[in-house]
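Read the structure below first, then the notes.
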Amino acid sequence: MSALEKALQHSKKKRIDECEIIFVKKNITTVRITDSEIAEIKQNYDESFGIRLIHEKKIATIQTTKKEEIENSVDLAFSTISNLKSREFWKGLPETAQNTNLKGTYDDKLENISGSNSMDIAQSMINSANSNKINTITGSLNIVSELFEIENSNGLHFNDKSTYISGIINAESEQGILPVSGIGHANCRTLSNFSAEQIGQDAKKMCIESINPKKINSDVYSIIFEPYSVGELLAFVVGSNFNFKTFSEKKSCFSNNFEDKIAVEDFNLTDDPHIPEGIGTKSVDDEGMTTRKNSLVEKGVFKNTFSNLFDSYKEDKESTGNAARLSSLMGRSSEPIPISAPHNLKIDSGKSSQEDMIKDTKYGLLIGRLWYTYAVNPIKGDFSCTARSGIRIIENGEIKGPGKSVRIVHNLPIMLKNISEIGNNQQNVIQWASLPSITPSIKAENIKVNSI
């Protein structure tokens, strides 16, 4: 008998109304790059369980790594029930999970990859970033394979095998008037779609093109955000506004704009859990609900939010299949309390190449990388971010050279209505320990920047 079955049987003997148990088995390989060489390789194996009990509409949880003590964990969690508040809105855990085989979510080559092959991939990242203009290369390669299982007392039983690979290179140069850097990144779910060489080349290109930057005057510019910087905005500024809990509590900057036009007509934002190679792609969410494509913004109009069971029940609504038990790296965890989160935030591609976007810009900036991005006033949509290396100055449709750091303090609703072009260069992007996204470059007008 499995540990999951033992937990369910034990909860039934104790006449607990509902029991949900999660099991996650992960194999994580990390290759760390320091001082332009491989510094270490780590291979971690982890197994853990998460238990959620619902009794008399009270919810108790516990997490453990001890399979042999799973029944004691149920007892320990249940012992806290009497002290908890009843959640009268709770309607029950799901009964069935409809699994669909999705392309580009599992690769046995990644699951069985050796340490030496992992190091070869990391070395390719380093080699492609090397240049006599680059002083230091840092970064990492992370490969994750996981088994995720969920069972509950209502009869649901689901298991899923997944793989993930992510690489990042930071190339630094001290050859000019001040130190500059460039970033290259890639992430996907199968080895054949991962290009180690491209990561290094992108980092090298951004770094070298950032050498000897000029001061950027504080002024109002057209800004072309490249995919990595758009991903930063999606993860730390945009995404939370479409969380149903945030929306219903009037904490979203769009809480009063449901079914209103909040962006230009060409802007479409979708949570797509079925796209091949997406870091968040899955057929079933982390509570056992079937996932579905969810249009959050359609032709500029705010159409939908995302939510899990608890947050939906609280407002007498239905889950959109967005329960997430997020891992600190990639994939899922055994966290017993799921949050609401998008799977893959995707901005639809436009018609413009990035080169054409530059040609159409009279006075602007091209920004490849953002730092310190956060909401200053989430309810109004105000946010702040800093652009450092990877800034190019655009004048009369041409890149004139690199620019020094600038700070942007802007407003999300205003920015979305001032998007002038959307690129055709979609990329998978994931910031460290944040939301995965799939996005092209975006050009927005009338953005004030402050020189640092």
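Part of a strand (DSSP E or B) and more than 20 Å from the chain's Cα centre (by Cα): which single residue out of Ile216, Ile224 fits that description? Before the answer, list the steps.
On the way: Ile216 fails: part of a strand (DSSP E or B).
Sole residue among the options that is part of a strand (DSSP E or B) and more than 20 Å from the chain's Cα centre (by Cα): Ile224.
Being crowded, with 16+ Cβ neighbours inside 10 Å and either hydrophobic (A, V, I, L, M, F, W, C) or closer than 30 Å to Phe194 by Cβ (or both) is the requirement here; does Asn418 meet it? Don't jump to the end; show me each part of the working.
Values: crowded, with 16+ Cβ neighbours inside 10 Å: yes; either hydrophobic (A, V, I, L, M, F, W, C) or closer than 30 Å to Phe194 by Cβ (or both): no.
Criteria not met by Asn418.
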_Considering only residues that are outside any loop (DSSP other than H, G, I, E, B) and crowded, with 23+ Cβ neighbours inside 10 Å, which ones fall in region 303-328?_
Phe306, Leu309, Asp311, Ser312, Ala323
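So which residues in region 16-42 are in a strand (DSSP E or B), aliphatic (A, V, I, L, M) and surrounded by 16 or more Cβ atoms within 10 Å (Cβ to Cβ), if there are any at all? Working first, answer last.
Within region 16-42, the subset in a strand (DSSP E or B) is 18-34, 37-42.
Next cut, aliphatic (A, V, I, L, M) only: 21-22, 24, 28, 31, 33, 38-39, 41.
Correct list: Ile21, Ile22, Val24, Ile28, Val31, Ile33, Ile38.
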*Pairs, please: C-beta under 7 Å, at least 6 apart or cross-chain, first residue open to solvent by 10 Å² or more (accessible area, probe 1.4 Å) and in region 329-345, second at pLDDT below 95 and among the hydroxyl-bearing types (Ser, Thr, Tyr)?*
Ser333/Ser327
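Scan region 216-236 residue by residue and report those that are farther than 14 Å from Arg369 by Cβ, open to solvent by 10 Å² or more (accessible area, probe 1.4 Å) and touching a Gly at 6+ places or on another chain (Cβ under 8 Å). Reasoning before the result, please.
Taking region 216-236 as the starting set, the residues that turn out to be farther than 14 Å from Arg369 by Cβ are 216-222, 234.
Among the residues that remain, those that are also open to solvent by 10 Å² or more (accessible area, probe 1.4 Å) are: 217-222.
Selection gives Tyr221, Ser222.
Across region 51-68, which residue is modelled with the lowest pLDDT among those that are touching a helix residue (DSSP H, G or I) at 6+ places or on another chain (Cβ under 7 Å) and surrounded by fewer than 17 Cβ atoms within 10 Å (Cβ to Cβ)? Reasoning before the result, please.
If we filter region 51-68 for residues that are touching a helix residue (DSSP H, G or I) at 6+ places or on another chain (Cβ under 7 Å), which is where we start, we get 51, 53, 55, 58, 60-62, 64, 67.
The next check asks that each one be surrounded by fewer than 17 Cβ atoms within 10 Å (Cβ to Cβ); those that pass are 61, 67.
Working: Thr61: 98, Lys67: 94.
Within region 51-68, the match that is modelled with the lowest pLDDT is Lys67.
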*Unmet requirement for Val376, which otherwise passes all of (1) open to solvent by 10 Å² or more (accessible area, probe 1.4 Å); (2) in contact with an Asp or Glu (Cβ under 6 Å, 6 or more places away or on another chain); (3) outside any strand (DSSP E or B)*: (3)
*Somewhere in region 43-50, is a residue assigned to a strand (DSSP E or B), on the phi < 0 side of the Ramachandran plot and crowded, with 19+ Cβ neighbours inside 10 Å?*
yes
*Out of (1) more than 20 Å from Val237 (Cα to Cα); (2) assigned to a loop (DSSP other than H, G, I, E, B); (3) charged (D, E, K, R), what's the single condition that is false for Asp356?*
(2)
*asked:* I want to confirm something. Restricting to region 176-193 and keeping residues that are more than 21 Å from the chain's Cα centre (by Cα) and hydroxyl-bearing (Ser, Thr, Tyr), which single residue is most open to solvent (accessible area, probe 1.4 Å)?
replied: Ser192
*Considering only residues that are of a type in the set (S, T, N, Q) and touching a Gly at 6+ places or on another chain (Cβ under 8 Å), look in region 428-443 and name the one that is surrounded by the fewest Cβ atoms within 10 Å (Cβ to Cβ).*
Gln431
_Need the failing condition index for Thr163 against (1) under 22 Å from the mean Cα position of the chain (by Cα); (2) farther than 29 Å from Glu95 by Cα; (3) open to solvent by less than 30 Å² (accessible area, probe 1.4 Å), just the number._
(2)
*Meets criteria (small (Gly, Ala, Ser), at pLDDT 95 or above and closer than 23 Å to Glu265 by Cβ) for Gly364*: yes
_Pair list, Cβ < 6 Å and 6+ apart or interchain, from region 128-154 residues that are closer than 23 Å to Asp285 by Cα to residues that are of a type in the set (Asp, Glu) and outside any loop (DSSP other than H, G, I, E, B)_ = Ser145/Glu111; Phe148/Asp160; Asn152/Glu20; Ser153/Glu18
*Only residues that are among the acidic types (Asp, Glu) and over 22 Å from the mean Cα position of the chain (by Cα): list them for region 107-146, please.*
Asp108, Asp120
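In region 156-182, which residues are of a type in the set (A, V, I, L, M), touching a Gly at 6+ places or on another chain (Cβ under 7 Å) and not in a loop (DSSP other than H, G, I, E, B)?
Of all residues in region 156-182, those of a type in the set (A, V, I, L, M) come to 156, 165, 168-169, 171, 177-178, 180.
Then keep just the ones that are touching a Gly at 6+ places or on another chain (Cβ under 7 Å); that gives 156, 168-169, 171.
Within region 156-182, Ile168, Ile169, Ala171 meet the criteria.
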*Residues Ser240, Ser222: which one is hydroxyl-bearing (Ser, Thr, Tyr) and under 19 Å from Ser295 (Cβ atoms)?*
Ser240
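Quick grid of which residues meet (1) out of contact with any Lys or Arg (no Cβ under 7 Å at 6 or more places or on another chain); (2) in a strand (DSSP E or B); (3) of a type in the set (A, V, I, L, M, F, W, C); (4) buried (at least 16 other Cβ atoms within 10 Å of the Cβ):
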site	(1), (2), (3), (4)
Cys385	yes, yes, yes, yes
Arg392	yes, yes, no, yes
Pro402	no, yes, no, yes
Ile408	yes, yes, yes, yes
Ile414	yes, no, yes, no
Ile422	yes, yes, yes, yes
Glu445	yes, yes, no, yes
*For Leu366: the one exception among (1) outside any loop (DSSP other than H, G, I, E, B); (2) open to solvent by 10 Å² or more (accessible area, probe 1.4 Å); (3) at negative phi; (4) of a type outside the set (Gly, Ala, Ser)*: (2)
_Residue that is over 17 Å from the mean Cα position of the chain (by Cα) and either modelled with pLDDT of 95 or more or among the hydroxyl-bearing types (Ser, Thr, Tyr) (or both), where the choices are Ser307, Ser333, Ser353, Ser340_ = Ser353
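The values are calculated or read from the model by the stated rules, or taken from the named source; none is laboratory data. Worth saying up front: this structure is predicted, and the values here are computed from it rather than measured. No Cβ is skipped: glycine too gets one built from the backbone with ideal geometry, and neighbour counts run over all protein chains shown. To get the accessible areas, we keep the full protein, side chains included, count just its heavy atoms, and leave off ligands, DNA and RNA. Shrake-Rupley method; radii C 1.70, N 1.55, O 1.52, S 1.80 Å.
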